[in-house]
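The values are calculated or read from the model by the stated rules, or taken from the named source; none is laboratory data. Bear in mind that the values here come from a model prediction, so they are computed numbers and not experimental data. Heads up, the Cβs are rebuilt from the backbone with ideal geometry, glycines too, and the neighbour counts pull from every protein chain shown.
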Amino acid sequence: MRELLKKLSEAYGPSGREQQMGQLISDEVRPYVDEVFTDAMGNLYAVKRGRGAKVMVAAHMDEIGIIITYIEEKGFLRFSNIGGVSPYVLLGQKVVFGNGTVGTVGMEKLEDIKKLAFDKMYLDIGAANREEAAAKVRIGDIATYLQELTFNGNRAIGKAMDNRAGCAVLLQTIKELGQTENEVYAVFTAQEEVGLRGSRTSSYRLNPDLGLAVDVTLVGDTPEPAVAMDVYLGKGPAVKIKDASVICHPRLKELLLDLAGKENIPCQLEVLLTGGTDAGAIHLTKEGIPSGVISIPCRYVHTPGEMVDLTDMENAVRLLNAFLSMPLKMQEIFPCYLT
């Protein structure tokens, strides 16, 4: 898990530019599935064939970033955000583009730091003028945090745990998954950070019987957290009840909790007041898809120092494996389900 998570975390893959991530994941998963393919949105599908329920498990592979909007005469770059980037977190950070160009984020003189905004910030790639900068970076190029993943015991600290941690859990589950009656579609989705776009198109394409998302969630175990939550690092994955994008199907939620109890997997309950996951798009597909979420507790989400616990990830693999291994009889689980 350490080696896999490090490889995924440090890879480049902002929203709309997931090609490198897609190739990396494809190389990892291909020996363990029957089919791998992509679509026009950049979603990656890994399929284990079966005759039972069609199950879609989504983990988004994109990360937040900044997009270049203007190059100044002196070679400084102006930018806007891709996804939930805080200017206060971004200031002073190193970022990297897909071609390897590295820059550092600065700001104009401000009398009041509370007025810090993207239009008062710039990116310095060390260029002497516009021509030199334009030879390295073009308008519309996207950069992400440049950060090495480090480990303190079972804690992993680095960028893009949202949602490379979820991708690692889904990948490891597929590698360990044995024979199953279900037809499993592991979908590594694109552009989640800018509006659940990849899961919207991929779930429409598949029209699965059931949908699950694997993503990170906020925690309430730091000093004076911004949001009070009963989720903690190291106490197991969380089964989502609700966030801003979805109210998870109660039967699916209870099924996951029952499985966790039977398999002796530590598990938490999650109510997230803000934010959402791919399940928010999946459950609204066509006539509606029963959907749920397995969440990985994560501190400092949307910073270059996101922190997850490897035991939470390993237990998430156990829970997801147990779920995908059981015969999912739709009419038994969901009495209102019509074939």
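Observations, loosely collected:
- Qualifying positions in the stretch 95-126 - within 19 Å of Arg17 (Cβ to Cβ) and loosely packed, with under 12 Cβ neighbours inside 10 Å: Asn99, Gly100
- Selected residue [of a type in the set (Gly, Ala, Ser), farther than 25 Å from Ala279 by Cα and either touching a residue at least 60 places away in the same chain (Cβ under 8 Å) or surrounded by fewer than 17 Cβ atoms within 10 Å (Cβ to Cβ) (or both)] from Gly42, Gly84, Gly92: Gly92
- Residue check, Glu254 among the acidic types (Asp, Glu) and crowded, with 16+ Cβ neighbours inside 10 Å: no
- Screening the candidates Ala260, Ala322, Ala281 for the property of being closer than 25 Å to Arg205 by Cβ, part of a helix (DSSP H, G or I) and out of contact with any strand residue (DSSP E or B) (no Cβ under 7 Å at 6 or more places or on another chain) yields one hit, Ala281.
- Selected residue [in contact (Cβ under 8 Å) with a residue 24 or more places away in the chain and in contact with a strand residue (DSSP E or B) (Cβ under 6 Å, 6 or more places away or on another chain)] from Glu176, Glu270: Glu270
- For the stretch 290-302, the criterion of being in a helix (DSSP H, G or I) and in the same structural domain as Ser202 (by TED's automatic domain parsing) is satisfied by no residue at all.
- Residues in the stretch 153-181 that are part of a helix (DSSP H, G or I), touching a Pro at 6+ places or on another chain (Cβ under 9 Å) and buried (at least 20 other Cβ atoms within 10 Å of the Cβ): Val169 alone.
- Within the stretch 96-143, the residues that satisfy the criterion of being of a type in the set (Lys, Arg) and either in the same structural domain as Ser15 (by TED's automatic domain parsing) or over 24 Å from Lys159 (Cβ atoms) (or both) are Lys109, Lys114, Lys115, Arg130.
- Screening the stretch 143-152 for residues that are within 20 Å of the chain's Cα centre (by Cα) and surrounded by fewer than 20 Cβ atoms within 10 Å (Cβ to Cβ) and picking the one that is farthest from Ile67 (Cα to Cα) gives Phe151.
- Here Val317 fulfils each of the conditions (1) among the aliphatic types (A, V, I, L, M); (2) within 17 Å of His60 (Cβ to Cβ); (3) touching a residue at least 60 places away in the same chain (Cβ under 8 Å) apart from (2).
- Looking only at residues in the stretch 182-215 that are in a strand (DSSP E or B) and under 11 Å from the mean Cα position of the chain (by Cα), the one that is surrounded by the most Cβ atoms within 10 Å (Cβ to Cβ) is Ala213.
- Given (1) closer than 26 Å to Gly275 by Cα; (2) at pLDDT below 95, number of the condition Glu181 does not satisfy: (1)
- Candidate set: the stretch 245-257, residues that are of a type in the set (A, V, I, L, M, F, W, C) and part of a loop (DSSP other than H, G, I, E, B); chosen: the one nearest to the chain's Cα centre (by Cα): Val246
- For the stretch 219-244, a residue qualifies if it is within 21 Å of the chain's Cα centre (by Cα) and of a type in the set (Val, Ile, Thr), and the qualifying residues are Val219, Val227, Val231, Val239, Ile241.
- Positions within the stretch 225-244 being within 23 Å of Ala168 (Cβ to Cβ) and assigned to a strand (DSSP E or B), in sequence order: Ala238, Val239, Lys240
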